[in-house]
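These notes are about the structure you will find just below.
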Amino acid sequence: MFKPQMKFQKILFLLALIFSAVMFVYGLGLMTGVYGLYQTQALGGVPGSKIFTDMQGYNNILVYGSIGLILISTLPFIFASNTRRKYYIGNTIATYVQAGAFVVMAVYVVMNTIKYRTQFLTTVDFTLYKEMSDMMNFNYSESTFWFDIGFVLAVILVVFAGAIVYNLIWKTKLVKQEDEILSGGVVTNE
């Protein structure tokens with residue numbers, strides 16, 4: 001009765017920890033797409049190049065928040081939620097903390113990605129940026145890849161949060177069924 005659920009939770013919590021590390025790597029790479037704009041500031045800048053400095057606060061919180069996600073994603077291992085058949089209050093709290101942290105990070109990423117992607121596309125003078133990049137051999141990119149991947153990662157965070165809560169519900173139902181069997185009651189498959 002518990003084997004599929006136990007296997008699911010072991011894999012889920014390991015993948016959630018790995019994905020938290022992926023979020024950290026994303027935070028480290030996010031500024032790569034706009035670094036060329038920062039380089040133009042030595043020559044007076046390109047209209048819109050201020051986005052590099054504008055994004056610093058977001059990027060810092062993203063990196064530190066990702067470190068927080070990594071630490072929070074170790075909670076299932078600390079409380080043995082990844083291997084425990086029956087959850088206790090600490091396991092339940094850790095589950096909600098992890099799911100909540102994933103949702104908060106997803107919302108934060110989406111809000112800031114929309115803001116800075118729009119700023120990038122509407123304020124940067126790409127013609128002048130290209131000319132300065134060619135002249136000074138700077139990294140030039142019109143790509144919104146780093147912004148777009150933020151949307152994908154936010155969706156994955158929400159999916160993980162949902163899966164973590166689903167696991168808790170599944171486990172709670174199984175424990176309730178087991179308790180009914182042990183007490184001699186009738187088991188219903190609700």
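The values are calculated or read from the model by the stated rules, or taken from the named source; none is laboratory data. Values in this document were obtained by computation on a predicted structure and should not be read as measured data. Backbone-built Cβ (ideal geometry, glycine too); neighbour counts: all protein chains shown. Heavy atoms of the whole protein, side chains included, go into the accessibility calculation; ligands, DNA and RNA do not. Shrake-Rupley method; radii C 1.70, N 1.55, O 1.52, S 1.80 Å.
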**Report entry** Å² per residue, accessible surface of the chain at 1.4 Å
**Finding:** 53
Report task. Could you check how much of the accessible area of the chain is carbon and sulfur, as a whole percent, using a 1.4 Å probe? Result -> 69
Report summary line: Percent relative contact order for the chain, counting Cα pairs under 8 Å at least six residues apart, stands at 31
Query - Length gained when the stretch LEU121-ILE89 is fully extended (0.36 nm per residue, less Cα-Cα span) - result: 6.8 nm
Query - Largest to smallest principal axis extent of the C-alpha atoms in segment 113-164, angstrom - result: 51, 20, 9
Report summary line: When all Cα-Cα pair distances of segment 1-109 are considered, the percent exceeding 19 Å is 55
Requested in this report: Compute the acute angle (0 to 90°) between the alpha-carbon long axis of helix 126-136 and the principal axis of greatest extent of the alpha-carbon atoms of the chain; round to the nearest 10°.
Outcome: 70
**Report entry** Partner aspartates and glutamates for LYS50 [C-alpha distance under 16 Å; skip if fewer than 8 residues away on the same chain]
**Finding:** ASP125, GLU142
**Report entry** Relative contact order (%) - segment 83-190, alpha-carbon pairs under 8 angstrom, separation at least six
**Finding:** 44
Query - Rounded tilt (10° steps) of 89-123 against the dominant C-alpha axis of the chain - result: 20
Query raised in the report: How far is helix 3-29 tilted off the main Cα axis of the chain, in degrees rounded to 10, range 0 to 90?
Result: 20
Query raised in the report: Which percent of Cα-Cα pairs in segment 47-120 sits in each 5 Å bin, short to long?
Result: 3, 15, 20, 16, 13, 10, 8, 6, 5, 3, 1, 0
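By per-residue mean of other Cβ atoms within 10 Å, what is the highest-first order of 103-113, 79-89?
Result, highest mean first: 103-113, 79-89.
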**Report entry** Per-residue ³J(HN,Hα) for segment 52-64, Karplus 6.51 cos²θ - 1.76 cosθ + 1.60, θ = phi - 60°, Hz, x for Gly and Pro
**Finding:** 4, 6, 4, 7, 4, x, 4, 5, 4, 5, 4, 5, 5
Query raised in the report: So, in nm, how far is label LEU14 from label ASP134 when the simple model puts each one 7 Å beyond its Cα toward the Cβ?
Result: 5.2
**Report entry** Cα-based Rg of the chain normalised by 2.2 N^0.38 Å, two decimals
**Finding:** 1.40
Query raised in the report: Per-residue ellipticity at 222 nm for the chain, helices alone: DSSP H runs ≥ 4 residues times -39500 (n - 2.57), over residue total, nearest 500 deg cm²/dmol?
Result: -25000 deg cm²/dmol
